[in-house]
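Here the structure is laid out as structure tokens; the discussion comes afterwards.
The values are calculated or read from the model by the stated rules, or taken from the named source; none is laboratory data. Here the structure is a predicted model, which is why all the values come from computation and not from measurement. Virtual Cβ from ideal backbone geometry, glycine too; neighbours counted across all protein chains shown. Heads up: the accessible areas ignore ligands, DNA and RNA and are worked out on the full protein's heavy atoms, side chains in. Shrake-Rupley method; radii C 1.70, N 1.55, O 1.52, S 1.80 Å.
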Amino acid sequence: MNKQLEINEKGHLTVGGVDTTYLADKYSTPLFVYDVTKIRENARAFVETFASLGVKAQVAYASKAFSSIAMLQVAKQENLSLDVVSQGELYTALQAEFPVEKIHLHGNNKNREELEMAIQHNIGCIVIDNFHEIDLLTDILANYEKEVDVLLRVTPGIEAHTHDYILTGNEDSKFGFDIANGQAEKAFRLLNQKDRIHLKGLHCHIGSQIFETDGFIMAIRRLFDTLADWKRKYQFEANVLNLGGGFGIRYTNEDDPLPLNEYVRALVTEIKKQVTIHQMDVPEIWIEPGRAIVGNTAVTLYSVGSKKEIPEVRNYIAVDGGMTDNIRPALYQAKYDAILANKADQPNTYTTSVAGKCCESGDMLMWDLLLPSVESGDILAVFSTGAYGYSMSSHYNRFPKAAVVFIENDKDTLVIRRETYQDLVRNDLSYE
Ligand code: LLP
């Protein structure tokens, strides 16, 4: 976890200088608290490293990690581009007035409506995922008399060391065109015949929460082998190479990610090597970090409610959220670290597991966590919940979604309101 804890004179955890117990009081819990300064630092680590290495690049924030109007406004201020994967994410981007030319549309099942919306709004790039999409897009472009830049998403067959559920870059994948079985080349030839579709280059995404650079390097080599082949056969030169996201972050002390600039250096070094080998120009390098931009920038605050001690078995405390605001422990056995925000200066003396509030035994946030002595009413702060927390939250058990607060310059700003019970039944219609 981020053990450089900020603790104030009251012994309370602070985020960006603001007392988290004050925030829990003011906005209630569960509450996502983002440190915007950290979001900017992460974004700049990527953007500035590319700039310092003198390569043209786009750092596209993968908004699936956390999408909201305020978040996309920060991404826009930091000169990021944007990866969206649905009409909802695209709609949010448009509401945030994100520059359309810097928006890239992803998805393994883009439908006509989504593609039409992208074309109508002149977004910068569509990442083509399958043959069906090529047909749909061809039809739409003819109707609208428009043209579009695209990348071809390929699966290079690289297994990144990560959790199986979030591996998206191997051959047996629902995403993209396989290089090895020739489908990528078939799609390439098809796209080359389309007047209104301009193929700018290749895209791949080898997985998520990756701690080493080997997987990326192997993927780059595979992409360049393919590009060299297509250059020889078709005189094709890629302007863009998009290497996706996946850069890992620290959730607990077991995690040992690289500094963000080191991932970038490794990618750029390998690409420069490959262009020399294959006598090509350096393409623009695009990446799509989601987790690495926002993951370590938020804590979730919960109120502790009930406590259960099972002698010689285990202690449990339960908080007022759980799998509805953080599905990752239940879905991926993801591990987190936490402290008591109101007792941040007290010694850890009590081992307890942390349960959520849902009616389901799988709703556990953490196992056997070491805390100070816990009482009902304490505030539990769970670290590194900024990515795939709020964005994967659900209404299970009809819990309203949590609120989200941004902290910057010692100031707290509510950026997503807590849902109300009225919100929950807003779309329900009566049947009597
Ligand atoms: N680009 C593409 C094409 C992707 O599929 C993804 C994530 C990203 C970029 C961003 O990856 P990141 O930098 O955030 O690792 N819900 C899972 C993660 C799923 C990732 C899916 N694709 C989790 O909570 O760990």
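Table: residues versus (1) assigned to a helix (DSSP H, G or I); (2) open to solvent by 10 Å² or more (accessible area, probe 1.4 Å); (3) assigned by TED's automatic domain parsing to the domain that holds S373.
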{"site": "T276", "(1), (2), (3)": "yes, yes, no"}
{"site": "V282", "(1), (2), (3)": "no, yes, no"}
{"site": "S306", "(1), (2), (3)": "no, yes, yes"}
{"site": "L331", "(1), (2), (3)": "yes, yes, yes"}
TODO: Output the residues belonging to the stretch 284-304 that are open to solvent by less than 10 Å² (accessible area, probe 1.4 Å), among the polar types (S, T, N, Q) and within 30 Å of R153 (Cβ to Cβ).
DONE: T297
Open item on the list: Suppose the filter is in contact with a Gly (Cβ under 9 Å, 6 or more places away or on another chain) and outside any loop (DSSP other than H, G, I, E, B); does T324 pass it?
Closed with: no
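Can you report the number of residues in the stretch 407-432 which are part of a loop (DSSP other than H, G, I, E, B) and over 23 Å from the mean Cα position of the chain (by Cα)?
Going through the stretch 407-432 one residue at a time, the tally reaches 11.
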Task: Subset of the stretch 229-271 [open to solvent by less than 30 Å² (accessible area, probe 1.4 Å) and β-branched (V, I, T)] - done: V240, I249, T252, V264, V268, I271
Open item on the list: Out of everything in the stretch 54-85 that is within 24 Å of L202 (Cα to Cα) and surrounded by fewer than 17 Cβ atoms within 10 Å (Cβ to Cβ), what residue ends up being farthest from the ligand (Cβ to nearest atom)?
Closed with: G54
TODO: Of the numbered conditions (1) aliphatic (A, V, I, L, M); (2) in contact (Cβ under 8 Å) with a residue 40 or more places away in the chain; (3) in a helix (DSSP H, G or I), V55 fails exactly one; give the number of that condition.
DONE: (3)
Open item on the list: Quick test of your reading of the structure: V404 fulfils all but one of (1) open to solvent by less than 30 Å² (accessible area, probe 1.4 Å); (2) in a loop (DSSP other than H, G, I, E, B); (3) of a type outside the set (G, A, S). Name the failing condition by number.
Closed with: (2)
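Scan T385, T349 and give me the residue that is open to solvent by 60 Å² or more (accessible area, probe 1.4 Å) and either at positive phi or among the hydroxyl-bearing types (S, T, Y) (or both).
Values: T385 fails: open to solvent by 60 Å² or more (accessible area, probe 1.4 Å).
Exactly one of T385, T349 is open to solvent by 60 Å² or more (accessible area, probe 1.4 Å) and either at positive phi or among the hydroxyl-bearing types (S, T, Y) (or both), namely T349.
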Task: Pairs with Cβ under 8 Å, 6+ apart, first in the stretch 184-199 and closer than 10 Å to I134 by Cβ, second assigned to a loop (DSSP other than H, G, I, E, B) - done: I197/E147
Open item on the list: From the list Y336, Y302, Y316, Y263, exactly one residue is closer than 30 Å to R221 by Cβ, among the hydroxyl-bearing types (S, T, Y) and either more than 10 Å from the ligand (Cβ to nearest atom) or not assigned by TED's automatic domain parsing to the domain that holds R232 (or both). Which is it?
Closed with: Y263
- [ ] Looking only at the stretch 180-198, count how many residues are within 30 Å of the chain's Cα centre (by Cα) and at pLDDT 95 or above.
- [x] 8
Open item on the list: Suppose we filter F224, F216 for residues that are part of a helix (DSSP H, G or I) and within 14 Å of the ligand (Cβ to nearest atom); which single one remains?
Closed with: F216
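Here's the yes/no breakdown for (1) hydroxyl-bearing (S, T, Y); (2) under 19 Å from L241 (Cα atoms); (3) touching a residue at least 24 places away in the same chain (Cβ under 8 Å):
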| site | (1), (2), (3) |
| --- | --- |
| S86 | yes, no, yes |
| L90 | no, no, yes |
| E101 | no, yes, no |
| L105 | no, yes, no |
| L137 | no, no, yes |
| E147 | no, no, yes |
TODO: For I327, indicate whether it is under 18 Å from F32 (Cα atoms) and either within 16 Å of the ligand (Cβ to nearest atom) or open to solvent by less than 20 Å² (accessible area, probe 1.4 Å) (or both).
DONE: yes
Task: Positions within the stretch 346-398 being under 13 Å from N326 (Cα atoms) and either charged (D, E, K, R) or assigned to a helix (DSSP H, G or I) (or both), in sequence order - done: K357, D363, Y390, S391, M392, Y396
Open item on the list: Anything in the stretch 353-373 that is of a type in the set (A, V, I, L, M) and more than 19 Å from E312 (Cβ to Cβ)? List them, or say none.
Closed with: V354, M364, L365, M366, L371
Open item on the list: So P30 passes all but one of these: (1) over 17 Å from R417 (Cβ atoms); (2) of a type outside the set (D, E); (3) open to solvent by 10 Å² or more (accessible area, probe 1.4 Å). Which condition number does it fail?
Closed with: (1)
Open item on the list: Out of G207, G201, I need the residue that is open to solvent by less than 30 Å² (accessible area, probe 1.4 Å), within 16 Å of the ligand (Cβ to nearest atom), at positive phi and modelled with pLDDT under 95. Which one?
Closed with: G207
TODO: Please enumerate the residues belonging to the stretch 118-137 that are surrounded by fewer than 19 Cβ atoms within 10 Å (Cβ to Cβ) and touching a Leu at 6+ places or on another chain (Cβ under 9 Å).
DONE: H121, F131, I134, L136
